[in-house]
Amino acid sequence: LLASPSAAAHVDAILEGGGPGETGLITLRVPGESANPATTKVEVRIPDDIQIRTVLARPVPGWKLDITKKKTNPPIYRDDGTPVDEVVSSVTWTATGPGILPGQFDDFVLEAGPLPDIEALDLPTYQTFVDGTTDAWTEPVPEGSDPEFPVPSVNLGASSDGASGGGSAMTSVIAWTALGFAVIAVALGIFSIDRARRSAHPALGAEAPPERSTTTE
């Protein structure tokens, strides 16, 4: 309730498919807050230390698309060994019409790959309004924090042993726990069947009483 009106709804990043080394679709969902004027420009930047070989931007009706590139350093290569000397550094959509009106939202989609081998990919985004003001969605989000303008981010899950070891360990614990419960369940089932059998045939397992002898005088 105490947050500023401009930060009431965040710019979100949504990943569809893809992990480290794969190609995925990244959707930036940009809201138009009722307290703000219309959004007329959206710029998303690839961090300077991240090089993604292929970044394709989906055109949005009513928006002009501009792509800026940077030189690769160190060099990167395609699967066939061909060097790539430039990669995308930023993508900008500029409204040719009314833009995103207050109370509405729009989606801006990137196809990117191969995605880097990191836990999370931050995508600093700049939302510019018709009056010339800009909200910079660039603030890091340490665990437990709630910044006013958090940077949009997608979880990738690094494939390296150090980054994924926690998840593998947890999976192993769950698997062994499930196996233990299964063994206990089987033992209880056998015990219950045996008890039911003995209840139905009480003479089983019990010594028969001695026969009474009778004599006739």
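The values are calculated or read from the model by the stated rules, or taken from the named source; none is laboratory data. This is a predicted model, so every value here is computed, not measured. Every residue, glycine as well, gets a Cβ built from its backbone with ideal geometry; the counts of neighbours run over all protein chains shown. When the accessible area is computed, the model is the full protein with side chains, heavy atoms only, and any ligands, DNA or RNA have been set aside. Shrake-Rupley method; radii C 1.70, N 1.55, O 1.52, S 1.80 Å.
Tell me, yes or no, whether the stretch 66-74 has at least one residue that is open to solvent by less than 40 Å² (accessible area, probe 1.4 Å), closer than 17 Å to ALA112 by Cα, of a type in the set (A, V, I, L, M, F, W, C) and assigned to a strand (DSSP E or B).
No - not one qualifying residue is present in the stretch 66-74.
Which condition number in (1) at pLDDT below 95; (2) closer than 16 Å to ARG29 by Cβ is the one that PRO147 fails?
Evaluating PRO147 over (1) at pLDDT below 95; (2) closer than 16 Å to ARG29 by Cβ leaves (2) as the failure.
For the condition at pLDDT below 65, open to solvent by less than 90 Å² (accessible area, probe 1.4 Å) and closer than 30 Å to ILE76 by Cβ, what is the one hit in GLY113, GLY166?
Sole residue among the options that is at pLDDT below 65, open to solvent by less than 90 Å² (accessible area, probe 1.4 Å) and closer than 30 Å to ILE76 by Cβ: GLY166.
With respect to the numbered conditions (1) surrounded by 13 or more Cβ atoms within 10 Å (Cβ to Cβ); (2) closer than 27 Å to VAL141 by Cα, which one is the sole condition not fulfilled by THR94?
(2) is the only condition that THR94 fails.
Suppose we filter the stretch 119-136 for residues that are touching a residue at least 60 places away in the same chain (Cβ under 8 Å) and not polar (S, T, N, Q); how many remain?
9
Would you pick out the residues in the stretch 84-110 that are modelled with pLDDT under 95 and of a type in the set (A, V, I, L, M, F, W, C)?
Correct list: VAL84 only.
Among the residues of the stretch 116-135, how many are hydrophobic (A, V, I, L, M, F, W, C), open to solvent by 40 Å² or more (accessible area, probe 1.4 Å) and more than 17 Å from the chain's Cα centre (by Cα)?
Of the residues in the stretch 116-135, 1 are hydrophobic (A, V, I, L, M, F, W, C), open to solvent by 40 Å² or more (accessible area, probe 1.4 Å) and more than 17 Å from the chain's Cα centre (by Cα).
State all residues of the stretch 87-102 that are part of a strand (DSSP E or B) and in contact with a Gly (Cβ under 8 Å, 6 or more places away or on another chain); if no residue qualifies, say none. Walk me through it before giving the result.
Pass one, the stretch 87-102, residues part of a strand (DSSP E or B): 87-95, 100.
Answer for the stretch 87-102, where residues must be part of a strand (DSSP E or B) and in contact with a Gly (Cβ under 8 Å, 6 or more places away or on another chain): ALA95, ILE100.
Being out of contact with any helix residue (DSSP H, G or I) (no Cβ under 6 Å at 6 or more places or on another chain), open to solvent by less than 20 Å² (accessible area, probe 1.4 Å), at pLDDT below 95 and over 17 Å from PRO124 (Cα atoms) narrows it down to one residue among GLY24, GLY81, GLY32, GLY19; which is it? Don't jump to the end; show me each part of the working.
On the way: GLY24 fails: at pLDDT below 95; GLY81 fails: open to solvent by less than 20 Å² (accessible area, probe 1.4 Å); GLY32 fails: at pLDDT below 95.
Exactly one of GLY24, GLY81, GLY32, GLY19 is out of contact with any helix residue (DSSP H, G or I) (no Cβ under 6 Å at 6 or more places or on another chain), open to solvent by less than 20 Å² (accessible area, probe 1.4 Å), at pLDDT below 95 and over 17 Å from PRO124 (Cα atoms), namely GLY19.
Just one of (1) assigned to a loop (DSSP other than H, G, I, E, B); (2) closer than 19 Å to GLU148 by Cβ; (3) of a type outside the set (Gly, Ala, Ser); (4) modelled with pLDDT of 95 or more trips up PRO47, so point out which.
Going through (1) assigned to a loop (DSSP other than H, G, I, E, B); (2) closer than 19 Å to GLU148 by Cβ; (3) of a type outside the set (Gly, Ala, Ser); (4) modelled with pLDDT of 95 or more one by one, PRO47 breaks only (2).
Restricting attention to the stretch 50-65, which residues are assigned to a strand (DSSP E or B), open to solvent by 50 Å² or more (accessible area, probe 1.4 Å) and in contact (Cβ under 8 Å) with a residue 40 or more places away in the chain? Can you show your working first?
Pass one, the stretch 50-65, residues assigned to a strand (DSSP E or B): 54-57, 63-65.
Going one step further and asking which of them are open to solvent by 50 Å² or more (accessible area, probe 1.4 Å), we end up with 54, 56, 64-65.
Within the stretch 50-65, THR54, LEU56 qualify.
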